[in-house]
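Structure first, then comments.
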Amino acid sequence: MDIEEFYDADPRRRESEEIEFGREWSDEKGGRTELSWVADTGELYAMAEPSEPVFMDPIGDTRVPDLPTELVTVDILGVIPDRGRVDELLAGWEREMTKPNSLEWVRNRVNATT
C-alpha cells in the first residue's frame with residue numbers, strides 16, 4: 001500500500017507517536033527502506049521510496065524532484081504492542097541496518113515472536 005493508504009486506513013496512525021529505527025535498511029533488491037514503529041497501533045513497518053535522480057538547477061544547486069505519494073510504499077512487518085518489546089526485538093539494529101538485505105533480519109526477528 002502507499003503511504004497515504006496506510007495513514008488513511010487507521011486514523012490512529014496520523015496522531016500517534018512514531019519511533020524511527022533508522023533510514024538505511026535495504027531490501028532484497030538493494031532498495032533503501034526506513035523502519036518505524038507506531039505507538040498507538042503497535043505496527044512495525046518498513047517504508048520504501050524509489051531512488052530519484054538528483055539534478056542541478058540553473059544556479060548550481062542540486063535538487064531532487066518531489067515524489068508522488070503512491071510511489072512511497074509501506075509494508076507492515078508485524079504488530080508489537082509494547083515499546084519495551086520492540087526495543088528488545090530490535091536490539092542491535094544499528095549494526096544490522098547497514099548489511100545487505102538487512103530488512104530480512106527484521107522480518108526474521110518479528111516472525112520468531114509470532
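The values are calculated or read from the model by the stated rules, or taken from the named source; none is laboratory data. Fair warning: this is a prediction, and the values are worked out from it, not measured in the lab. Positions of Cβ are generated from backbone atoms using ideal geometry, with glycine treated the same way; all protein chains shown enter the neighbour counts. To get the accessible areas, we keep the full protein, side chains included, count just its heavy atoms, and leave off ligands, DNA and RNA. Shrake-Rupley method; radii C 1.70, N 1.55, O 1.52, S 1.80 Å.
Computed quantities for the displayed model
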| item | result |
| --- | --- |
| Residue within region 31-42 that is farther than 13 Å from Val106 by Cα, at pLDDT below 95 and open to solvent by 20 Å² or more (accessible area, probe 1.4 Å) present | yes |
| The one condition in (1) open to solvent by less than 80 Å² (accessible area, probe 1.4 Å); (2) at pLDDT below 95; (3) of a type in the set (Val, Ile, Thr); (4) touching a Ser or Thr at 6+ places or on another chain (Cβ under 9 Å) that Val54 fails to fulfil | (1) |
| Residue tally, condition in a helix (DSSP H, G or I) and surrounded by fewer than 17 Cβ atoms within 10 Å (Cβ to Cβ), over region 77-104 | 8 |
| Qualifying strands (runs of 3 or more DSSP E) (wholly inside region 1-53; at least 3 residues being over 17 Å from Pro81 (Cα atoms)) | 32-38 |
| Scope region 79-98; condition farther than 21 Å from Thr41 by Cβ and touching a residue at least 40 places away in the same chain (Cβ under 8 Å); matching residues | Glu94, Met97, Thr98 |
